[in-house]
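Below is one structure, written out as structure tokens, with a few remarks after it.
Any read-out appearing in this document is the output of simple, stated calculations on the displayed coordinates, not a laboratory observation. All values derive from a computational prediction rather than experimental measurement. Neighbour counts run over all protein chains shown; Cβ positions are idealised from the backbone, glycine included.
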Amino acid sequence: MNKVLVKVYVPILEEQYDILIPLNRRIYNVIKLLTKAINELSNGYYTPQRKSVLYDKITAIPYDDNLSIRESNIRNGTEVILI
């Protein structure tokens, strides 16, 4: 399978979304995709003023933007925070 299902928590909206993300993309590209998807899912309420950052929900450590999803510890069911 070339995608993983992750739970994305967005604190500013107090919402959580289940989203499929591709394994072969870099995290900085995934952040752009997530930002766009959540903006659409929230009917335009999520519009960050600065660059968004993706964090591991358990450790609160930000993911390295230059890693691909496959190179990171993101797997099916991983919970992440988008700020």
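Across segment 4-37, what is the total count of residues that are assigned to a strand (DSSP E or B), basic (Lys, Arg) and under 18 Å from Glu71 (Cα atoms)? Before the answer, list the steps.
Looking only at segment 4-37, we keep the residues that are assigned to a strand (DSSP E or B), and these are 4-10, 15-22, 26.
In the following step, the residues that additionally are basic (Lys, Arg) were identified as 7, 26.
Adding the requirement that they be under 18 Å from Glu71 (Cα atoms) leaves 26.
Going through segment 4-37 one residue at a time, the tally reaches 1.
Since Thr35 meets every condition but one in (1) closer than 17 Å to Lys3 by Cβ; (2) of a type in the set (S, T, N, Q); (3) surrounded by 11 or more Cβ atoms within 10 Å (Cβ to Cβ), which condition does it not meet?
(1)
Has segment 38-47 got any residue that is surrounded by 15 or more Cβ atoms within 10 Å (Cβ to Cβ), part of a loop (DSSP other than H, G, I, E, B) and β-branched (Val, Ile, Thr)?
Start the filter on segment 38-47 by keeping residues that are surrounded by 15 or more Cβ atoms within 10 Å (Cβ to Cβ), which leaves 38, 41-42, 46.
Next cut, part of a loop (DSSP other than H, G, I, E, B) only: 42, 46.
Then drop every residue that is not β-branched (Val, Ile, Thr), which leaves none.
No.
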